[in-house]
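A short worksheet on the structure shown next.
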Amino acid sequence: MNTTYVALLRGVNVAGHGTIRMDELRRVFLALGHTEVATYIQSGNVIFTSDVPVDADSLQSDVGAELGTDVTVMVRSAAELEGVVRRNPFAGADPSKLHVGFLARQPPAVSLDLQRFRPEEAIIDGREVYFHLPNGIGRAKLPPYLDRQLKVPVTVRNWNTVTKLAELAGA
């Protein structure tokens, strides 16, 4: 039985760094035996199907070896991505101010001082961090703070990208 997944690569094509061509990325996923491979925008989002369970660590290792680069990969099934969209704790907020951080694993329990970042808000829900950033992500202080405190690899996508990936994955 084929399962649809979304791979989210961290730091791809950001400000001229981590350059990976999307046609090359699709080729790599096909070479790894995945099917129905598609990419969405130029920031390392790959939608694909597999007839075996996909492990993020082995996928990260395989993709890195194929591309000859060190790359961090987070993987969510279509069903998991649907859950991310459904659990949005900021459903009433302006979607252009929402982002989701996809974590490599559930973070450890740590004491966080989130109030000092108001009006920025974040809610950790399993392997995702939901961000409401009323002044945009460009100068936001909360995402880098959480990155330092949680010490878990994370890649962030805006809400429009998250919902489009869920749609493309058939969620």
tail above 14 Å in the computed P(r) of the stretch 3-80, as % of all Cα-Cα pairs, reads 56 percent
Quick one: putting +1 on the C-beta of Lys and Arg, -1 on the C-beta of Asp and Glu, what dipole do you get for the chain around its Cα centre, in Debye to the nearest 20?
620 debye
How far is it, in nm, from the label point at Ala38 to the one at Arg86 when both lie 7 Å from their Cα along the line to the Cβ?
2.2 nm
Partner lysines for Lys97 [C-alpha distance under 19 Å; skip if fewer than 8 residues away on the same chain]:
Lys141, Lys164
Any idea what % of Cα-Cα pairs in the chain are farther than 26 Å?
27 percent
Given the convex hull over the Cα atoms of the stretch 83-169, what projected area results after averaging over all orientations, in nm²?
5.5 nm²
Label-point separation in nm, Asn2 to Glu167, each point 7 Å along Cα→Cβ:
2.2 nm
Run the simple label-point estimate for Leu67 and Gln149 please: 7 Å along Cα→C-beta, distance reported in nm.
3.0 nm
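Only the coordinates and a few stated rules stand behind these numbers; no lab work does. Every value quoted in this text rests on a predicted model; they were computed, and no experiment measured them. Glycine gets a Cβ as well: all are built from the backbone with ideal geometry, and neighbour counts include every protein chain shown.
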